[in-house]
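Right, one structure below, let's go through it.
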Amino acid sequence: MTAMAQTPIKRPTRPALSAAKPVAVGDSGEGSGDPRMMDRSTSMAQAQHVIRSIVASRHDRPSLVAQIACEVGAEIVEAVIPPGHDLNTVELARRYQTSRTPVREALILLEHEGLVDIPPRRRPRAHLHTLTEVSEVYRTRTVLFELMAIDTAKRATEADIETLRAILARMQRAADLGDVTAFSWLSVEFHDTDTRLSGNATAKRIHDSLLLRSLSIRRLSLSQPSRMRKSMEDHTQLVKAYENHDSNLAGAILRGNHTAALVSLENYFQRVGTLNLPYRPVDDNVPDAR
């Protein structure tokens with residue numbers, strides 16, 4: 001696909017670097033007592049925060065390089081930049097009012113994390129998922145999650161359990177709303193917390209890298225029939241296993257959850273022939289309501 005054949009992408013106004021911070025999801029809307037669906041801007045901010053916490057914290061690069069990586073990476077995760085779409089370094093340099101050097105460095109960071117492909121003598125492009133790759137990522141994450149869950153069950157304190165319960169309550173509100181986007185980000189928050197509690201820094205580091213490769217796929221999995229409900233049940237049982245320090249049960253729950261998620265993605269691929277979220281223009285402000 002050439003740049004001439006591609007539809008121009010509408011992008012959001014670029015926020016200040018300091019604007020990327022943790023955001024509340026699954027909570028009541030401002031000014032009312034009613035819960036609200038997560039909107040596009042909130043999800044985009046959360047994507048930027050997660051990418052910054054993983055990519056920028058691991059790579060010593062100037063702030064502009066980190067900013068470009070976080071914002072372009074978030075647009076890939078949110079399908080503002082469609083899978084397989086060319087990334088024009090000249091256009092990006094103009095957008096960020098800089099030379100092409102920091103743009104190239106940012107795209108290399110994203111290539112290391114599986115969000116961008118840089119073929120020889122061709123333009124970089126947003127990563128296009130294959131079923132083989134997704135299967136490898138999910139099977140590897142399953143092993144890591146099971147390992148860390150066993151450690152977490154042994155180490156979790158009462159205060160740790162309360163922290164997980166608070167996230168679980170927000171996940172339940174998102175599930176009740178049918179808000180796949182909010183539920184997905186809360187699942188990320190939940191597992192960032194319980195994997196940290198494991199104390200296994202090596203497994204956590206590998207897990208975080210694989211997380212970026214599966215952010216959009218996770219949302220696709222949860223949007224399949226009954227998957228969000230079943231995931232909610234699994235997370236509820238997982239917290240109980242942590243509370244009871246039942247390592248074997250905690251590991252089995254996470255293994256079963258990830259296996260079921262992969263099966264749902266395989267079934268989706270058989271029906272649709274792709275594993276990519278549909279292109280979502282940035283002016284699409286309609287909340288996810290699947």
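Assorted remarks:
- With respect to the conditions (1) in contact with a strand residue (DSSP E or B) (Cβ under 9 Å, 6 or more places away or on another chain); (2) at pLDDT below 90; (3) basic (Lys, Arg), residue 58 lacks only one, and its number is (1).
- Leading residue by the ranking (modelled with the lowest pLDDT) among those in the range 190-207 that are of a type in the set (D, E, K, R) and surrounded by fewer than 19 Cβ atoms within 10 Å (Cβ to Cβ): 205
- Filter result (over 15 Å from the mean Cα position of the chain (by Cα) and over 23 Å from residue 263 (Cβ atoms)) within the range 206-241: 239, 240
- Residue count for the range 139-186 satisfying the condition of being crowded, with 23+ Cβ neighbours inside 10 Å and of a type in the set (D, E, K, R): 1.
- Residue in the range 204-220 that is out of contact with any Pro (no Cβ under 9 Å at 6 or more places or on another chain) and outside any helix (DSSP H, G or I) present: no
- Number of the condition not met by residue 225 [criteria: (1) assigned to a helix (DSSP H, G or I); (2) surrounded by fewer than 22 Cβ atoms within 10 Å (Cβ to Cβ)]: (1)
- Hey, residue 250 more than 18 Å from residue 151 (Cα to Cα) and buried (at least 22 other Cβ atoms within 10 Å of the Cβ) or not: no
- Of the residues 50, 72, the single one that is out of contact with any Lys or Arg (no Cβ under 9 Å at 6 or more places or on another chain), under 22 Å from residue 189 (Cα atoms) and free of Cβ contacts under 8 Å to residues at least 60 places away in the same chain is 72.
- Residues (of a type in the set (S, T, N, Q) and either within 18 Å of residue 78 (Cα to Cα) or assigned to a helix (DSSP H, G or I) (or both)) located in the range 176-203: 181, 184, 187, 193, 195, 202
- Qualifying position, being surrounded by fewer than 17 Cβ atoms within 10 Å (Cβ to Cβ) and in contact (Cβ under 8 Å) with a residue 12 or more places away in the chain, among 115, 107, 128, 87: 128
- Against the test of being farther than 28 Å from residue 41 by Cβ, in contact with a helix residue (DSSP H, G or I) (Cβ under 6 Å, 6 or more places away or on another chain), outside the structural domain of residue 255 (by TED's automatic domain parsing) and surrounded by fewer than 19 Cβ atoms within 10 Å (Cβ to Cβ), the options 121, 100 yield a single qualifying residue, 100.
The values are calculated or read from the model by the stated rules, or taken from the named source; none is laboratory data. Model, not experiment: these values are computed from the prediction. In this analysis, Cβ positions are derived from the backbone assuming ideal geometry, glycine residues included, and neighbour counts consider all displayed protein chains.
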